[in-house]
1. Rounded to the nearest 10 Å², what accessible area does residue B:91 show when all protein chains are kept and the probe is 1.4 Å?
2. Give me the residues in the stretch A:350-369 whose solvent-accessible area, probe 1.4 Å, is reduced by at least 30 Å² once all protein chains are included instead of the chain isolated.
3. Quick one: ranking A:44, A:372 by accessible area, 1.4 Å probe, largest first, what do you get?
4. With unit charges on the beta carbon (Lys/Arg positive, Asp/Glu negative), name the residue among B:303, B:253, B:231 whose Cα is farthest towards the positive pole of the charge dipole of the stretch B:227-303.
5. Expressed in nm², what is the orientationally averaged projection area of the convex hull enclosing the Cα positions of the stretch B:159-296?
6. Which net charge results when you count Lys and Arg as +1 and Asp and Glu as -1 among the other residues whose beta-carbon is under 12 Å from that of residue A:374?
7. Assuming 1.306 mPa s and 10 °C, estimate D for the stretch A:297-350 with Stokes-Einstein, Rh taken as the Kirkwood radius over Cα pairs, in µm²/s.
8. Would you check the accessible area of residue A:366, probe 1.4 Å, heavy atoms only, in square angstrom rounded to 10?
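The values are calculated or read from the model by the stated rules, or taken from the named source; none is laboratory data. Worth saying up front: this structure is predicted, and the values here are computed from it rather than measured. Cβ placement follows ideal geometry from the backbone for every residue including glycine, while neighbour counts extend to all protein chains displayed. What goes into the accessible areas is simple: the full protein's heavy atoms, side chains included, and nothing from ligands, DNA or RNA. Shrake-Rupley method; radii C 1.70, N 1.55, O 1.52, S 1.80 Å.
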Protein chains: 2
Amino acid sequence: MNSKELASAYKHELLERVVPFWLEKSQDPKYGGYFTCLNREGEVFDTDKFIWLQTRQVWLFSMLYNRVEKRPEWLDCALQGGEFLKKYGHDGSLNWYFSLNREGQPLIQPYNIFSYTFAAMAFAQLGLATGNQEYSEIALKTFDIILKKQDNPKGQYNKAYPGTRNLKNFALPMILCNLSLEMEHILGATEVEKTAKEVIHQVMEVFYRPEHGLIVENVNADGSFSDTFDGRLLNPGHAIEAMWFIMDLGVRFNQPETVSKALKIALQTLDYGWDKKYGGIFYFMDLKGHPTQQLEWDQKLWWVHIETLITMIKGYQLTGSQEALRAFEKVHDYTWKHFRDDQYHEWFGYLNRRGEVSFNLKGGKWKGCFHVPRGLYQVWQTLEKLG
Amino acid sequence: MNSKELASAYKHELLERVVPFWLEKSQDPKYGGYFTCLNREGEVFDTDKFIWLQTRQVWLFSMLYNRVEKRPEWLDCALQGGEFLKKYGHDGSLNWYFSLNREGQPLIQPYNIFSYTFAAMAFAQLGLATGNQEYSEIALKTFDIILKKQDNPKGQYNKAYPGTRNLKNFALPMILCNLSLEMEHILGATEVEKTAKEVIHQVMEVFYRPEHGLIVENVNADGSFSDTFDGRLLNPGHAIEAMWFIMDLGVRFNQPETVSKALKIALQTLDYGWDKKYGGIFYFMDLKGHPTQQLEWDQKLWWVHIETLITMIKGYQLTGSQEALRAFEKVHDYTWKHFRDDQYHEWFGYLNRRGEVSFNLKGGKWKGCFHVPRGLYQVWQTLEKLG
């Protein structure tokens, strides 16, 4: 691997092909915020505004401004989205809706905790970019609400009957790994250390099942394995993504053994989740090999592959593992071949098992300005560290 | 088409291969009710009990007992499921849960109106089979609750923010077409006539969009088209299934023009929904050809094809339409070739776009003892009428 050449390929893809796509195609000049339902060429096919994607785009452009270059058009893009969200994204008490219509009127109630986590992440980064204390306060208050809602994130919208089968879910501790570091400038080192200790424990000792070498998406409240659809569920991309969040925490708190363990789990998960017939990483699997409830289990999704690239290159950079390097190269080849669009900017999101494009959209309800540019940025930066 | 030979093939498949599968493999001898998560050979891979499928199996075995033959093992099978549901299926006030664990403890709250509709259908048919008034009363009271819940079926679990975009959904009026006829012996002719008039209007004049010749899944509260993900959504199998419910109402109320219109809509939908490249009917489509939110849009599902067989053969039998006959033959060939399992009983449920088996289960969270046997029964009976 020529890491210099590759770093410049990732940088070029980010700055010349992906960031311009979102900057030019997604901003709503009339009402503010961003269109994310964009077809292959970048034309808007639906105008609904999903809070996950609105907040993540604010984060992404703020992050580029903070870490790459002080380009005013990047800050403007983040700012107009931030103002739209400040005004329309929540109910007045920082309960973040799931979606809005184009004008900003709420469509779906604040049932989804990740609307909150991505809002906190966005406003923390926007606060840093602007120095505007109001944004940092939105981030901090939202973070507090997240911690309060931890035990029943869905609130009244939780359809689980209390007491019969109390499961806890991997996603929130996993996101908190990343969010706590993202917010360290607001939360302070002590708070981050406290949160990090707990989430590392949850991810690496509760959701990770050493008898299988894999992370499950749900466990019983007491931490034991649940032999049910939810308890057997694996989401390889999710687990592998979490491992680079854990590596970042390992670096921050100077725990090389945490980094090594995270890389080991990621490699095991990639091996288990790799489609030996057609290549690519499966979306969902069952720990016992039973059918999943998710009909889309065998599809190949952009974010799964991009997050895996980040984890593997970080693992290589931090440990020198040749296995991590080979894994990076394998997933790099698959990802650039199948997800990148030669003809138009931004990448495809959804492939069928064989790697054929299933939807030729560049953005939709779940795919926005986030995993592709964040992944390109992270891999570029990590490759540069390799020199 | 040799209708006699074909009738006997459908009858044989029903009585020798499908009904025995469920009778032998699915009953839970310890706690009552049915296992529906069954692998290819019929072995249980998960023990959760989903009310849609529990109730539908009670209905199916009661229906066979009422209409095909008074086999005591069929009645026993229906009865034990009915007793399990009477005791565990609801909250004591006939609010029907969505799912239970094996022992009958509630897992998912009563948020889903179709748990209620299939419970009403089940207990109406079981009341008929047994003459037990208690069952008929459960059906009648549940029917009343459904009508009361019509305007906000999800109640507190409804995540739509009130007022921004009030949509109404096709599924409930569509199911009421069938349920009202199913319950005529309990509801009485006047009530059925009243319900039927309203639901025929909703299905054929509100959800059917003559400018496209297709039925949409959701419209605005005022009946207008909504140019949104939900408003553009097509589910061809759903629309075609509704058309045989409408034909049954057309026959019942002696409206041949309703029968002809239903057949016309079904043929248009089949033509639109047919995969010209690989054959089979798509699961979801967008009226404007945009990507759907449903990642599984291009899969081929058992129930879609089986319901289409019923609609086409009824259409042919009632109108003599050669187009309906050709459509029946085309879908028959695809369905028997791809969904039927030569080696083991019951049929596959989920194929990918190319018609390859995606999950080799015979039952799961959504596939139980319902569409395959009901479809085989309906087609067999209709073919017999052709003589």
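1. Probe radius 1.4 Å; accessible area of residue B:91 about 70 Å².
2. Residues passing the criterion (a loss of at least 30 Å², heavy atoms only) are A:354, A:358, A:359, A:365.
3. Per-residue accessible area, sorted high to low, gives A:44, A:372.
4. Selected residue: B:253.
5. So the Cα hull casts an average projection of 9.6 nm².
6. Counting the neighbours of residue A:374, the net charge comes to -1.
7. Details: Rh = 11.8 Å.
The estimated diffusion coefficient comes to 135 µm²/s.
8. 100 Å²
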